[in-house]
1. Of all residues in segment 155-168, count the ones that are more than 13 Å from GLN218 (Cα to Cα) and touching a residue at least 60 places away in the same chain (Cβ under 8 Å).
2. What about ARG212, is it in contact with a Lys or Arg (Cβ under 7 Å, 6 or more places away or on another chain) and among the charged types (D, E, K, R)?
3. For segment 303-327, what are the residues that are in contact with a Phe, Trp or Tyr (Cβ under 8 Å, 6 or more places away or on another chain) and either assigned to a loop (DSSP other than H, G, I, E, B) or surrounded by 19 or more Cβ atoms within 10 Å (Cβ to Cβ) (or both)?
4. Within the set of pairs 6+ apart or on separate chains, which have a first residue in segment 120-137 that is under 19 Å from VAL304 (Cα atoms), a second that is buried (at least 20 other Cβ atoms within 10 Å of the Cβ) and acidic (Asp, Glu), and C-beta atoms under 8 Å apart?
5. Of everything in segment 87-102, what is surrounded by fewer than 20 Cβ atoms within 10 Å (Cβ to Cβ) and of a type in the set (D, E, K, R)? Give them in sequence order.
6. Just checking, which of VAL70, VAL90, VAL74 is farther than 21 Å from LEU287 by Cα, among the β-branched types (Val, Ile, Thr), in a strand (DSSP E or B) and in contact with a helix residue (DSSP H, G or I) (Cβ under 6 Å, 6 or more places away or on another chain)?
7. Return the residue satisfying two criteria in turn: it lies in segment 22-40 and is assigned to a helix (DSSP H, G or I) and hydrophobic (A, V, I, L, M, F, W, C), and of such residues it is surrounded by the fewest Cβ atoms within 10 Å (Cβ to Cβ).
8. Within 23 Å of PRO109 (Cβ to Cβ), in a helix (DSSP H, G or I), over 15 Å from the mean Cα position of the chain (by Cα) and without any contact (Cβ under 8 Å) to a residue 60 or more places away in the chain: is that true of GLN281 in this structure?
Amino acid sequence: MQLNFDKEIAGRSVSLKLGFVTDPLGSRRAYNDPAVALMRAAQSHGHEVFAIQTPSLSWRRPEPGHAGGVFGEVLQMHLRPDDHDWYREVAREWRPLRFLDAVLVCIDPPADAEFFTATWLLERAEADGLRVFNRPRALREHSEKIATAEFAQFTPTTLITRHLRQLREFIDSERDVILKPVDGGEKVRVFRVHRNDRNRNAIAEALTDDGRRTIIAQRYLPEIDQGDKRILLIAGKVVPWCLARIPRAGETRGSLAAGGTGVAQELSPRDREIAETLAPQLLKRGLLLVGLDVIGDYLTGINVSHPGGMVELRQQSGFDAAGATISAIERVCGLT
């Protein structure tokens, strides 16, 4: 299903050198990994694919005998359909990133010190003329949970704080709440806490490290039983399908990493309202690929570094989000 998102480039004679800044390749689960899906799409579009693993990102001042700038260990790859043996190494060498036509950042949460360091280094590469998607500054400035505060008209009742008394009062007033860190990886610690729960204060103290770490408290949304919806935005356009991640029995979390089941479904009118409001604003900031998290009628997250769901969407709906993303990059690079 194309839906005018992208056009095939018949007889393409010019290919791009596309780099993918990624966590160590050994951590990738190729069967549903968005970075792997994007690499495979790039190769199927006729482009050369290179991986730069984040631990190798470096910068050197230009000096006689050294070109300087941002460089890394660059792995040229040939992608394979086998999810257990999904790539072949064509070549590997340390070189400046500016030989690439564009770079896609595919780094998993959490946004820790090394994540920010990678964005600072990639911003230097961008200043030297390299196209980077999503833009490094935009990655830094959009905390995936706190960024929802900018669009408060779409969020559930929420408190962001590390102050324990405020948390206690919020739980008392809302009665049934979710507590979670402001950032985290796939298996983020999410707790559902009732006003009469005897462990409520202990949970808040543990999550905040006794008031030293900020967390999010949010009114519990029973619509989670119908799924935590992932809605993709590509180059300012809204993908017409979402992936509803439905929690398994006895779970509050809907993420696939926590055992949830992904079910593709068409967007509701409210989903479209949220997505179409955010899409053009986020694109202007340099966010080409974004994943929105929506529970029921409420926005709960804005994923900007490595939004998943595109593999499952293609399998169930036929919509090729990875291919649409590569087509968008081709347009930026002047191929269409």
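1. 0
2. For ARG212, the condition - in contact with a Lys or Arg (Cβ under 7 Å, 6 or more places away or on another chain) and among the charged types (D, E, K, R) - is met.
3. SER305, VAL311, LEU313, PHE319, ALA324, SER327
4. These pairs meet every condition: ARG131/ASP101.
5. Selection gives ARG88, GLU89, ARG92, GLU93, ARG95, ARG98.
6. Matching residue, one of VAL70, VAL90, VAL74: VAL70.
7. Here the answer is LEU25.
8. For GLN281, the condition - within 23 Å of PRO109 (Cβ to Cβ), in a helix (DSSP H, G or I), over 15 Å from the mean Cα position of the chain (by Cα) and without any contact (Cβ under 8 Å) to a residue 60 or more places away in the chain - is met.
The values are calculated or read from the model by the stated rules, or taken from the named source; none is laboratory data. These numbers were taken from a predicted model, which means no experiment stands behind them. All Cβ positions, even for glycine, are placed from backbone atoms using ideal geometry, and neighbour counts span all protein chains on display.
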